[in-house]
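A.B. asks: Below you'll find the structure I mean.
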Amino acid sequence: MKKKTAKSALTRRDFLKGSTLATAGAFLAPSIVPATVFGSNAPSERITIGVIGTGRIARTADIPEMLKIDGTQIVAVCDVDSKRVKDAKAQVDQYYSKKYGVVDAKGCGTFGDFRELLARDDIDAVMICTPDHWHSIPAIAAAAAGKDIFIQKPLSLTIAGGRAVSDAVTKAGRILQIGSQQRSHPKFRQACELVRNGRIGKLHTVKVGLPGDPGGQDEPEMPVPPNLDFDMWLGCTPVVPYTEKGVHPQKDYSRPGWLRIETYGAGMITGWGSHHLDTAQWGMGTELTGPISVEGEAEFPKSGLWNVHGDFRLEYTYKNGVKVIAADNKRNAQGVRFEGSEGWIYVKRWSIDAEPKSILTSKIADDEIHLHKSDNHKQDFIDAVKARTAPVAPVEVGHRSCTVCLLGQIAMKAGRKLKWDPDTERFVDDDAANKLLTRPMRAPWKI
């Protein structure tokens with residue numbers, strides 16, 4: 001069934017028009033390091049990159065990993081926290097100064113509004129490393145602006161939002177890589193290839209174990225730091241009093257509190273589920289579809305600022321009868337365990353096990369299923385950008401995996417069995433559940 005394309009209210013023409021940060025603009029005027037600084041790569045052969053969101057994941061993973069990829073240049077960074085964007089600029093400029101022997105490289109521009117960064121014609125691609133509630137809108141806007149996209153998982157906080165992103169990226173002919181880096185880990189690829197080639201016999205059950213998040217106390221309202229545009233940080237979400245534990249730390253880059261608030265994220269069901277449930281889909285060969293039903297339960301904090309799910313158990317059923325049991329890692333071992341009629345395979349970060357053990361030494365023949373091979377998630381993205389081919393975690397696959405996560409979150413809240421149609425992407429005969437495919441969005445933001 002053909003999907004309807006949702007249109008974003010943020011056209012390229014609107015990027016700078018009506019901006020809530022019209023007076024903020026760029027914190028520093030961008031300047032460009034001479035092309036000769038970047039070696040033999042001519043400007044036309046380099047992939048120039050802008051970074052949207054410069055918090056913990058960007059600073060510790062996405063920026064340093066992309067800086068190491070030959071043939072790329074980070075030319076701009078953007079954040080609603082001016083301290084963080086200043087730190088990101090220093091991180092980029094210092095890396096290039098050291099690598100190329102430049103005394104004081106100042107090639108990285110800084111912005112406070114992602115729309116101004118996207119308006120730069122000299123940027124080929126963007127990395128979106130924002131909080132989860134700020135994924136869909138910048139991704140759709142980036143596609144409309146003709147940029148290729150590396151985006152942190154989850155793709156969206158709503159199933160409808162994920163569909164809108166996938167349709168927008170596809171319509172624009174852009175490359176998008178989801179930051180589900182387990183697809184670039186050889187042990188996860190090995191496990192999925194072995195399962196899909198029948199090494200454990202007929203697959204009947206997949207068990208997924210995820211970590212959890214604790215609740216927390218109520219927090220008092222605090223003055224908004226002068227370096228933070230809190231209204232822009234809130235974006236499409238409701239206006240609430242500021243408290244540091246509800247946003248991100250001001251003194252360091254430790255784990256931010258927004259990850260534990262349902263308004264901005266869904267908890268570990270998307271935080272780690274975007275990895276492990278994606279691996280489950282990859283191994284089952286259901287990357288472009290989804291389950292036909294889901295049911296489950298979860299514990300939620302009764303009070304306090306942090307209110308995402310705690311311990312949980314979910315059961316998904318697929319059309320072929322395979323069951324996926326996802327639960328907290330007190331019930332299921334953290335990772336993914338594929339169980340079949342002739343054995344099992346269990347894979348987690350940095351390790352893989354099987355029974356019988358001989359499964360792990362089985363070779364995949366040339367005429368069997370071979371999955372996309374990537375040993376470096378950022379390099380795979382850049383290779384796809386250059387070749388205009390699909391990366392290991394393309395947008396539709398990312399949307400479908402994110403959908404599985406969000407179906408679980410909806411089932412946790414509903415507390416009853418839900419029937420799902422993966423073709424129409426609607427709950428069957430359930431108006432109440434279908435209302436949860438979207439979230440209310442505060443003006444002027446909408447999809």
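The values are calculated or read from the model by the stated rules, or taken from the named source; none is laboratory data. All values derive from a computational prediction rather than experimental measurement. Heads up, the Cβs are rebuilt from the backbone with ideal geometry, glycines too, and the neighbour counts pull from every protein chain shown.
A.B. asks: Which residues, taken from the range 41-79, are among the hydroxyl-bearing types (S, T, Y), surrounded by fewer than 16 Cβ atoms within 10 Å (Cβ to Cβ) and at pLDDT 95 or above?
C.D. replies: Narrowing the range 41-79 to residues among the hydroxyl-bearing types (S, T, Y): 44, 48, 54, 60, 72.
After this cut, where a residue has to be surrounded by fewer than 16 Cβ atoms within 10 Å (Cβ to Cβ) as well, the list is 44, 60.
Result: T60, single match.
A.B. asks: In the range 53-152, which strands (runs of 3 or more DSSP E) lie fully inside it and hold 2 or more residues that are of a type in the set (A, V, I, L, M, F, W, C)? So that I can check it myself, show each step before the final result.
C.D. replies: On the way: elements: 72-78, 109-111, 125-128, 148-151.
Those strands (runs of 3 or more DSSP E) span 72-78, 125-128, 148-151.
A.B. asks: Just one of (1) over 22 Å from the mean Cα position of the chain (by Cα); (2) part of a helix (DSSP H, G or I); (3) within 30 Å of Y318 (Cβ to Cβ) trips up G201, so point out which.
C.D. replies: For G201, the exception is condition (2).
A.B. asks: Contact list please: Cβ distance under 6 Å, first residue in the range 155-170 and under 9 Å from E396 (Cα atoms), second residue surrounded by fewer than 24 Cβ atoms within 10 Å (Cβ to Cβ) and among the β-branched types (V, I, T), pairs at least six apart or on different chains.
C.D. replies: Taking only residues 6 or more apart or on different chains, the pairs are D167/T5.
A.B. asks: Still on this structure, I have one more. Just to verify a result, which residue in the range 408-431, among those that are hydrophobic (A, V, I, L, M, F, W, C) and over 10 Å from I292 (Cα atoms), is surrounded by the fewest Cβ atoms within 10 Å (Cβ to Cβ)?
C.D. replies: First, pick out the residues of the range 408-431 that are hydrophobic (A, V, I, L, M, F, W, C): 410-412, 414, 418, 420, 427-428.
Remaining after also requiring over 10 Å from I292 (Cα atoms): 410-412, 414.
On the way: I410: 23, A411: 25, M412: 23, A414: 18.
The residue in question is A414.
A.B. asks: How many residues does the range 290-309 hold that are within 24 Å of A333 (Cβ to Cβ) and either of a type in the set (F, W, Y) or surrounded by fewer than 18 Cβ atoms within 10 Å (Cβ to Cβ) (or both)?
C.D. replies: 3
A.B. asks: Checking the conditions here, which among G273, G209, G216, G246 is surrounded by 20 or more Cβ atoms within 10 Å (Cβ to Cβ) and farther than 29 Å from E396 by Cα?
C.D. replies: Only one candidate passes the filter, namely G246.
A.B. asks: Being at pLDDT below 95 and hydroxyl-bearing (S, T, Y) is the filter here; which residues of the range 99-155 pass it?
C.D. replies: Within the range 99-155, Y100 is the sole residue that qualifies.
A.B. asks: I'd like to know if the range 140-158 contains one or more residues that are β-branched (V, I, T) and surrounded by fewer than 24 Cβ atoms within 10 Å (Cβ to Cβ). Show your work before the answer.
C.D. replies: Initial filter on the range 140-158 (β-branched (V, I, T)): 140, 149, 151, 158.
Pick out the ones that are also surrounded by fewer than 24 Cβ atoms within 10 Å (Cβ to Cβ) and you get 158.
Yes: the range 140-158 contains one or more residues that are β-branched (V, I, T) and surrounded by fewer than 24 Cβ atoms within 10 Å (Cβ to Cβ).
A.B. asks: Let me ask something else about it. Restricting to the range 58-75, name every residue that is among the hydroxyl-bearing types (S, T, Y) and out of contact with any Lys or Arg (no Cβ under 7 Å at 6 or more places or on another chain).
C.D. replies: So in the range 58-75, the residues among the hydroxyl-bearing types (S, T, Y) come out as 60, 72.
Selection gives T60 alone.
A.B. asks: Also, quick follow-up: Taking only the range 164-179 into account, find how many residues are crowded, with 24+ Cβ neighbours inside 10 Å and either at pLDDT below 95 or part of a helix (DSSP H, G or I) (or both).
C.D. replies: Looking only at that region, the number is 5.
A.B. asks: Residues of the range 403-424 being of a type in the set (D, E, K, R), more than 15 Å from R313 (Cβ to Cβ) and in contact with an Asp or Glu (Cβ under 9 Å, 6 or more places away or on another chain), which ones?
C.D. replies: Taking the range 403-424 and keeping what is of a type in the set (D, E, K, R), we get 413, 416-417, 419, 421, 423.
Next, from what is left, pick out any that are more than 15 Å from R313 (Cβ to Cβ): 419, 421, 423.
Across the range 403-424, the qualifying residue is only K419.
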